[in-house]
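Let me begin by presenting the structure, written as structure tokens, before commenting on it.
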There are 2 protein chains.
Amino acid sequence: MPRLPQENHGLGALFEQWSANERDLDKCPVRRVLSKIGNRWTTLVPIALSQRPLRFNEIVRAIPDISKRMLTQTLRELERDGLVLRQVFPTKPPTVEYQLTELGKSLLEPIAGLVSWAEATRLEIEQARLVFDRVASDGANA
Amino acid sequence: MPRLPQENHGLGALFEQWSANERDLDKCPVRRVLSKIGNRWTTLVPIALSQRPLRFNEIVRAIPDISKRMLTQTLRELERDGLVLRQVFPTKPPTVEYQLTELGKSLLEPIAGLVSWAEATRLEIEQARLVFDRVASDGANA
DNA sequence: CAGAATCCAATAGGATACTG
DNA sequence: CAGTATCCTATTGGATTCTG
């Protein structure tokens, strides 16, 4: 009996379907989401907002290594995509508060999936690296 | 009754814990995984391998816009992390086959979670963008 | 406080040519 | 076929300065 292709989660099929038409590679849903998640901050900011709404500088303090430039840019994109709601209160100086929308909150779920995968496999990956690096250096010294 | 912080999936707490110590921001498990996923190809290659093992040039054909340089680099990293197994058959010319390890296959699950989130929310996000862009251009023309 | 604007550095990644 | 090596470009993102 020939080994059937192991279809995992339908990801491969979905991906193949779009690889077929070279033209619209960037319309592939897989690539779409990955290019989003790819950005260093577009996931970190929603995580920072996961517990409660924060003001601009509170987010900066929550993510110490983000620059104001990047935070502004990231917040605009998240707002544009409907993941984050921006509210301005006409105080002096102005108070601006950012919070996740329901859509934004829903993103936390798949992200949590990724993070728990990372935690669950951390040791196994570290171990694999040790083995790989040892073999590689053995090869070099042989 | 005061509104309690909405703890979603424990992500925020996990994240805060690491933000506290500025020193080891890059040891934060959240960041670790995101920097991996961040790379354009480190997720695409496992997806391409999800159905069956592929040879080097088969992967290139599956991901038409990857360069040989990037593919080699990506495969080495995946191999190092124990996600991909590389097998050389001493034919002429040599045959090299790449396949996902069990660890590698397990990564497909959280990725699929992300992709199905993207598909489920696609229309809502498009809609949000239309609204945002219209308001923005209204503001510019006012 | 909450940005906008400008300039600059680092990194990711592509194109091409070459090799066993 | 399965890479390696070199060079070059583009994108990402940080630092700094300025403003309402």
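Every number here is computed from the coordinates shown, using simple stated rules; none is lab data. Note that the structure is predicted; figures quoted are calculated from it, not measured. Using ideal geometry, Cβ is built from the backbone for each residue, glycine included, and neighbour counts are taken over all protein chains shown.
Values as computed for the structure displayed
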item: Burial ordering of B:Ser19, B:Ser116, A:Ser50, B:Ser35, fewest other beta-carbon atoms within 10 Å first; result: B:Ser35, B:Ser116, B:Ser19, A:Ser50
item: Most fluctuating residue given options B:Pro93, B:Pro53, B:Pro64, as computed from a GNM of chain B linking Cα atoms under 10 Å; result: B:Pro93
item: Per-residue [θ]222 nm for the protein assembly as shown (sum of -39500 (n - 2.57) over DSSP H runs n ≥ 4, rounded to 500); result: -20500 deg cm²/dmol
item: Kirkwood Rh, Cα atoms: Rg over Rh of the protein assembly as shown; result: 1.02
item: Relative contact order %, the range A:59-131, counting alpha carbon pairs below 8 Å whose residues are six or more apart; result: 17
item: Label spacing, shortest first and in nm, from A:Ala120 to its equivalents in the remaining copies (7 angstrom along Cα→Cβ); result: 1.8
item: Unit charges at the beta carbon, dipole of the range B:13-142: most positive-side option, B:Leu25, B:Gly139, B:Gln51; result: B:Gln51
item: Entries in A:Lys27/A:Lys105; B:Lys27/B:Lys105; B:Lys36/B:Lys92 that, when Cα-Cα distance is taken, lie over 31 Å; result: B:Lys36/B:Lys92
item: Derived scalar couplings ³J(HN,Hα) [the range A:94-99; Karplus, 6.51 cos²θ - 1.76 cosθ + 1.60; whole Hz; x for Gly, Pro]; result: x, 10, 10, 10, 10, 9
item: Per-residue HN-Hα couplings for the range B:57-69 [Karplus 6.51, -1.76, 1.60; θ = phi - 60°; Hz; x = Gly/Pro]; result: 6, 5, 5, 4, 5, 6, 10, x, 9, 8, 8, 4, 4
item: Alpha-carbon Rg with Dmax, taken over the range B:66-141, Å; result: 21.3, 68
item: nm² value of the averaged projected area, convex hull over the Cα atoms of chain A; result: 15.1
item: Inter-copy separations for A:Asp24, label at 7 Å along Cα-Cβ, nm, ascending; result: 4.7
item: Relative contact order, percent, chain A [alpha-carbon distance under 8 Å, six or more residues apart]; result: 17
item: Other-copy label distances relative to A:Val60, 7 angstrom Cα-Cβ extension, nm; result: 4.8
